[in-house]
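These notes concern the structure reproduced below.
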Amino acid sequence: MCQHPPERRRFLGQLSAAGFLLTPLAALLSGCKKDSWPDGMAEIKWDRDTCVRCSMVISDRRFAAQLSGGPDKTVFKFDDIGCLVFWLRDKSDKYPWMADAGTRLWVADFTSKSREEMRWLDPKRAQYMTKASPMGYNFAAVSTPMPGSLDFTDMRQHTLAKGK
């Protein structure tokens with residue numbers, strides 16, 4: 001549900017009381033915006049949420065990633081695909097549920113047009129292109145193979161070899 005400041009709610013209430021009906025266009029202009037998140041994915045609050053591994057603010061949507069699962073549906077957010085790769089390796093003992101089939105992973109599709117039109121990919125099915133990324137792991141996910149792109153296994157090996 002969209003939350004408006006009290007002044008705006010009073011104003012909208014006055015419009016309603018005056019007999020004005022909000023048209024779909026007026027409702028759109030009222031400031032309610034709903035981002036589209038895949039089923040099971042928690043919202044990423046751009047420029048506010050931080051990466052669980054490196055503590056950087058998640059700002060560059062093109063490299064964001066998320067992991068969700070376990071008995072408590074725990075969510076981990078990442079600012080760089082490389083941070084997700086290292087988290088999966090380094091935290092497997094602490095969170096054994098990460099290997100379960102029910103654990104969900106997402107990476108941002110680098111070719112998404114805007115934050116409002118984000119596409120999310122299964123990282124194990126995505127392809128990875130070399131692109132400068134927030135933490136310098138320098139991989140971006142795309143949905144289809146491109147010249148020079150790598151699959152998840154090869155991208156993971158290259159990332160772990162950097163040893164950051």
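No value in this document is a laboratory result; all are computed from the given coordinates. Here the structure is a predicted model, which is why all the values come from computation and not from measurement. Virtual Cβ from ideal backbone geometry, glycine too; neighbours counted across all protein chains shown.
Here are the numbers for this structure:
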quantity: Residue check for MET129: surrounded by fewer than 21 Cβ atoms within 10 Å (Cβ to Cβ), touching a helix residue (DSSP H, G or I) at 6+ places or on another chain (Cβ under 7 Å) and farther than 18 Å from ILE44 by Cβ; calculated: no
quantity: Odd one out for SER92, checked against (1) surrounded by 13 or more Cβ atoms within 10 Å (Cβ to Cβ); (2) under 22 Å from GLY163 (Cα atoms); (3) among the hydroxyl-bearing types (Ser, Thr, Tyr); calculated: (1)
quantity: Hits in the stretch 90-117 (condition: in contact with a strand residue (DSSP E or B) (Cβ under 6 Å, 6 or more places away or on another chain) and among the aliphatic types (A, V, I, L, M)); calculated: LEU105, VAL107
quantity: Answer from GLY136, GLY148, GLY102 - the residue that is of a type outside the set (A, V, I, L, M) and within 21 Å of ALA42 (Cα to Cα); calculated: GLY102
